[in-house]
1. Being surrounded by fewer than 18 Cβ atoms within 10 Å (Cβ to Cβ), part of a helix (DSSP H, G or I) and within 21 Å of the chain's Cα centre (by Cα) is the filter here, so list the residues in the range 219-266 that pass it.
2. So for the range 22-45 (the condition being more than 23 Å from SER244 (Cα to Cα), open to solvent by less than 40 Å² (accessible area, probe 1.4 Å), of a type outside the set (A, V, I, L, M, F, W, C) and assigned to a strand (DSSP E or B)), does at least one residue qualify?
3. With the checklist (1) open to solvent by 10 Å² or more (accessible area, probe 1.4 Å); (2) more than 19 Å from VAL20 (Cα to Cα); (3) in contact with an Asp or Glu (Cβ under 9 Å, 6 or more places away or on another chain) in hand, flag the one item ARG199 doesn't pass.
4. Give me a count of the residues in the range 165-187 that are of a type in the set (Gly, Ala, Ser), in a helix (DSSP H, G or I) and open to solvent by 40 Å² or more (accessible area, probe 1.4 Å).
5. Could you please let me know if SER151 is among the small types (Gly, Ala, Ser) and touching a Ser or Thr at 6+ places or on another chain (Cβ under 9 Å)?
6. What number of residues within the range 361-376 are open to solvent by less than 40 Å² (accessible area, probe 1.4 Å) and touching a residue at least 12 places away in the same chain (Cβ under 8 Å)?
7. Looking at the range 333-360 only, could you name the residues that are assigned to a helix (DSSP H, G or I), over 21 Å from ALA394 (Cα atoms) and not acidic (Asp, Glu)?
8. Given the criteria among the hydrophobic types (A, V, I, L, M, F, W, C), surrounded by fewer than 16 Cβ atoms within 10 Å (Cβ to Cβ) and at pLDDT 90 or above, does LEU320 qualify?
Amino acid sequence: MTVTVDLVPYDEALAAYDPVMGLEVHVELGTATKMFCGCSTELGEEPNSQVCPVCLGLPGSLPVVNAVGVESAIKIGLALNCEIAEWCRFARKNYFYPDMPKNFQTSQYDEPIAFNGYLDVTLEDGEVFRVQIERAHMEEDTGKSSHIGGSTGRIQGASHSLLDYNRAGIPLIEIVTKPIEGAGARAPEVAKAYVAELREVIRALGVSEARMDKGQMRCDVNLSLRPHGREQFGTRSETKNVNSLRSVERAARFEIQRHAAVLNDGGTILQETRHFHEDDGSTSAGRIKDNAEDYRYFPEPDLVPVAPSREWVEQLRAALPEMPRVRRERLQTEWGISDLEMQSVLNAGAIEPILETVAAGAPADQARKWWMGELARRANESGTDLSTQPITPAQVARVCALVADGSLNDKLARQVIEGVLDGEGEPDEVVAKRGLAVVSDDSALGAAVDAAIEANPDVAAKIRDGKVAAAGALVGAVMKATRGQADAARVKELILERLA
């Protein structure tokens, strides 16, 4: 869907206004059962097959808190440098949508389990920006609506809707930032970097896979503009359920330009939710945004308060894994690379692929070379993430092994990687199909060496006179004649033997 909206050029918008952002990130926890009942959270099952009276909100059913969900919430709070509440409770958030079977969501309102934290994020040039965390609270997910018969998949134009309540009640942690000020023109970049770093933290904790493409992590981008010099915030819009890092950045950028256009024309920004469109990076109006009082929050009467002991909290703190920022610093030291090189690895999203390639048996420098070289180039050309390239770390490690044992040189290795990316099979299969193995047999190389010597008598004379460095020209000629498949080291040895 393409949305036509007048926009102000980005630089012009930033010349007149300061952007203020608030980011709300929902993380689905990887628990075996739902937040308040024993239903399975397994993905991909038949619709409405993982439900019970509790998650359907049937009369007389009583919820029970998932202890692993509470533990995961505390871990997330600690990793985000939050204070952990000594006593907190759940609340009912009342609203009426078909995908909410109880007509209220069990959440936390004024008493979250974690609050007042921060997360330091690194921007592409290495600058560190601190994002303040307002709260992290526990709640449950809604069901899923599927709108049938329309062209956009939305309710507009649909003939009917289907409801699947398997997801209703799955544990969520909502992480809410304080207003993010002072980022200026880099606000969209800060938003992307924050969500990326938060995703790494969540994965490091092991509480969720945080797959944005599967809806396990979703971001709502709140944005407002205020004229330079004014302290009061402008009216905000909320772009809902943005599900990729690139889209978070694009949504923030688009809203800055849209808000500026409305304000420049003397218009008023509506406090509303908006939909993000992946095809062109635009947003479109959803509904007028409710205020907290519209949800008629009140304490959940069927659940006792949560009061984690200080001993338990400290045990969880002591057991936290190495955080991503600390791990990056350690890896940089182990790999012996500069700040700029490490930042390039981070920007490319290459840390995990490199580590997995090393785990598959490749040296770190070789793993880094291929992921940051040929594979990063292919990802850039296709406009895709490095992690989505159709090649596995194990396959890259195999290419490294073939280079190490002399079966391939770098030029041939690039062709092998190209073949794997194009779906031609495993590295060894590509080598066999394309005939890419290095030729090191003397009988196969001898004719090419003799032909190079005969075609370059002046160079041969220099080598006979003791200028060994001149052999490089003859090696190059042989490599060209053999389409890069000759063993360069053995070629040089044969040339020197013949001209000794």
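The values are calculated or read from the model by the stated rules, or taken from the named source; none is laboratory data. Quick caveat: nothing in here was measured; it's all calculated off a predicted structure. Every residue, glycine as well, gets a Cβ built from its backbone with ideal geometry; the counts of neighbours run over all protein chains shown. These area figures cover heavy atoms from the full protein model, side chains too; ligands, DNA and RNA do not enter into them. Shrake-Rupley method; radii C 1.70, N 1.55, O 1.52, S 1.80 Å.
1. ARG246
2. no
3. (3)
4. 1
5. Judged against the criteria, SER151 is not a match.
6. Within the range 361-376, residues that are open to solvent by less than 40 Å² (accessible area, probe 1.4 Å) and touching a residue at least 12 places away in the same chain (Cβ under 8 Å) number 8.
7. Passing the criteria: THR333, LEU340, MET342, GLN343, SER344, ASN347.
8. The answer is yes for LEU320.
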